[in-house]
1. Starting from the stretch 152-181, take each residue that is hydrophobic (A, V, I, L, M, F, W, C) and list its partners that are modelled with pLDDT under 90 and assigned to a strand (DSSP E or B), counting only C-beta distances under 6 angstrom and pairs at least six apart or across chains.
2. So for the stretch 70-78 (the condition being assigned to a helix (DSSP H, G or I), more than 23 Å from Tyr250 (Cβ to Cβ) and either hydrophobic (A, V, I, L, M, F, W, C) or at pLDDT below 75 (or both)), does at least one residue qualify?
3. Which residues, counting only those in the stretch 122-174, are surrounded by fewer than 24 Cβ atoms within 10 Å (Cβ to Cβ) and among the basic types (Lys, Arg)?
Amino acid sequence: MTWVEALILGIIQGLTEFLPVSSSGHLEIGNVLLGVQDSDNLLFAIVVHGATALSTIMVFRQEIIDIFRGVLQFTCNDSWKYAIKMIISLLPVMLIGLMFKDTIESFFTGNLLLVGSMLIVTSLLLLFSSFKKAHDGEVSYVGALVMGLAQAFAILPGISRSGATIATGLLLGFDKAKVTQFSFLMVLVPILGASLLQLKDYLELPDSTQSISGFALVVGFVAAFVSGYIACRWMLTIVRKGKLVYFAIYCGIAGIVAIVFS
């Protein structure tokens with residue numbers, strides 16, 4: 001992977017991790033078009049996912065600090081309730097990730113037909129949620145579990161994690177801003193956990209397959225972090241203004257194009 005390819009894929013990862021258009025689907029399309037090797041994909045995925053996790057922390061740093069402060073008080077306060085909801089949301093993706101790891105990895109083989117089909121599913125989710133009447137409710141415990149199931153479903157390339165979880169929260173009738181914040185924070189642990197598993201797999205590869213340069217990794221990291229930070233802030237505004245229908249149209253078109261080229 002050259003540094004130019006790393007720059008392009010880093011920007012794609014940063015933007016699409018937070019915008020409801022599927023980062024995994026777009027990275028699969030980008031890898032196919034650029035001809036990036038599998039060994040490069042693995043290490044690069046670790047780096048750019050770490051970058052987008054860091055960008056999430058930067059955007060919500062005050063909220064994260066407040067949650068930790070509340071939890072450390074060891075009383076039944078709002079921070080404890082929020083933390084419990086986040087743990088509940090993690091259970092589906094952790095179980096599926098551990099039980100079906102090899103099956104999941106088999107999906108990421110440049111299968112544009114699968115990516116295109118799942119992009120259309122993302123489009124329909126966004127379309128339905130864009131017509132849902134806004135409410136002011138907090139994310140409930142049951143809602144956290146359902147959003148967690150949506151996140152687990154988003155393991156498939158082409159299903160947008162942010163799109164699936166935010167659309168699910170909106171369809172359940174929760175407040176737009178609170179759903180978006182919860183959606184972005186609930187993914188931090190799965191991203192970091194998946195990155196550690198990917199790092200283990202990468203370290204087990206023969207040295208001859210590890211061809212990506214350090215400079216390309218740095219370029220990819222910076223590109224993913226900067227574009228991710230911008231996209232995360234932008235997404236907060238998009239959801240608040242109810243503009244998800246435009247992304248539904250985009251995902252639908254991208255899905256059709258991917259299917260045609262498959």
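1. Phe174/Gly137
2. First, the residues of the stretch 70-78 that are assigned to a helix (DSSP H, G or I): 70-71, 78.
Filter again for more than 23 Å from Tyr250 (Cβ to Cβ), leaving 70-71, 78.
Now drop any that are not either hydrophobic (A, V, I, L, M, F, W, C) or at pLDDT below 75 (or both), which leaves 71.
Yes, that holds for at least one residue.
3. Lys132, Lys133
The values are calculated or read from the model by the stated rules, or taken from the named source; none is laboratory data. Since the model is a prediction, treat every value here as computed from it, not as a measurement. When we count neighbours, we look across all protein chains shown, and the Cβ atoms used for this are built from the backbone with ideal geometry, even at glycine.
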